[in-house]
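Just below is one structure, and these are the notes that go with it.
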Amino acid sequence: MKLEFEEACKILKGLLGFRADLIITSGLHKGSYVSALEEFGDNLIGVAHPTRKGRFLPVSRNAELSFKIDSPNGVYQATAAVVRSALNENIPLLWLKLLSPLEKVQRRMYVRVPTSIKASAFFLSADELPEPDELSEKPSQEIVLPPKEWFSVRISDISLGGIGISIKQDIAHYCLEGGRYLLLMKISDTTLFIVGKIVKILIKREGAVEIGFAYEGFPVFIEKIMMSYIRQQELMARG
């Protein structure tokens, strides 16, 4: 359901303080950044300025990004452009102008369904890791990066926001929380390459490690393939 801009503003004004996700799909700072809805002014939306490794994210004027906010009434999303940064405010802000009507997305699109898909992963970088002195009481402890080679994983559940991954415990050292990875998987006879980061590592049972993997974003054609697969899995689960 697409909403007119004035109606969109009325909805968003009722969501001040709610978490917002800013998704940049291209360029040097491609990724998903956590923010919050803070202010409104001159037909602009003010969100908490995103950070990266404890520093304000450099964002160019007119840069386009996806804006998404999860509210009790549903998930709203739109395309927005950066107008300006206001870093000297009590709450540093990034001012955005909506480029598309606010769209209400059905929550079922983000439902997580169980699956079992063989896949491969490759460690890319550790740009989002905290500094070494934040990882341990020992400031001198170094971060040990995973090997730069493909390793096998199994997709245990999937949604449009991320996936659950299961790997053998003896290769758990390949997985680094906060690290960026390239994931190679096949859905509906289509090979997909997806970039994202590990957000959680949990040893769930003996001999296996469960991992939470969040996407950085992907093209529309991949989203459609995933939506179709998720719906198919839902129907199969219902019998």
Qualifying position, being touching a residue at least 24 places away in the same chain (Cβ under 8 Å), buried (at least 16 other Cβ atoms within 10 Å of the Cβ), touching a Ser or Thr at 6+ places or on another chain (Cβ under 9 Å) and not in a strand (DSSP E or B), among Val59, Val47: Val59
Whether any residue in the stretch 222-233 is aliphatic (A, V, I, L, M) and without any contact (Cβ under 8 Å) to a residue 24 or more places away in the chain is what I want to check. no
Filtering the stretch 64-79 down to residues that are closer than 16 Å to Arg19 by Cβ and not aromatic (Phe, Trp, Tyr) yields Leu65, Ser66, Lys68, Ile69, Asp70, Ser71, Pro72, Asn73, Gly74, Val75, Gln77, Ala78
Hits in the stretch 155-207 - residues which are assigned to a loop (DSSP other than H, G, I, E, B), among the hydrophobic types (A, V, I, L, M, F, W, C) and closer than 22 Å to Lys224 by Cβ: Leu160
Qualifying positions in the stretch 11-27 - within 21 Å of Lys197 (Cβ to Cβ) and either surrounded by 13 or more Cβ atoms within 10 Å (Cβ to Cβ) or not assigned by TED's automatic domain parsing to the domain that holds Ala81 (or both): Arg19, Ala20, Asp21, Leu22, Ile23, Ile24, Thr25
Return the only residue of Lys30, Lys68 being touching a residue at least 60 places away in the same chain (Cβ under 8 Å), among the charged types (D, E, K, R) and outside the structural domain of Gly217 (by TED's automatic domain parsing). Lys30
With Ala8, Ala36 as the choices, which residue is touching a Pro at 6+ places or on another chain (Cβ under 8 Å) and either surrounded by 14 or more Cβ atoms within 10 Å (Cβ to Cβ) or basic (Lys, Arg) (or both)? Ala8
For Phe193, indicate whether it is closer than 23 Å to Gly27 by Cα, surrounded by fewer than 19 Cβ atoms within 10 Å (Cβ to Cβ) and either polar (S, T, N, Q) or at pLDDT below 85 (or both). no
Only one of Leu176, Leu183, Leu160, Leu145 is surrounded by fewer than 16 Cβ atoms within 10 Å (Cβ to Cβ), closer than 27 Å to Tyr33 by Cβ and in the same structural domain as Ala126 (by TED's automatic domain parsing). Can you tell me which? Leu145
Conditions (1) touching a His at 6+ places or on another chain (Cβ under 8 Å); (2) modelled with pLDDT of 85 or more: number failed by Arg52: (2)
Return yes when Gly217 is in contact (Cβ under 8 Å) with a residue 40 or more places away in the chain, in a loop (DSSP other than H, G, I, E, B) and of a type outside the set (Phe, Trp, Tyr) and no when it is not. yes
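The values are calculated or read from the model by the stated rules, or taken from the named source; none is laboratory data. Given the structure is predicted, the values throughout are model-derived calculations rather than measurements. Please note: Cβ atoms are built from the backbone with ideal geometry, for glycine as well, and neighbour counts cover all protein chains shown.
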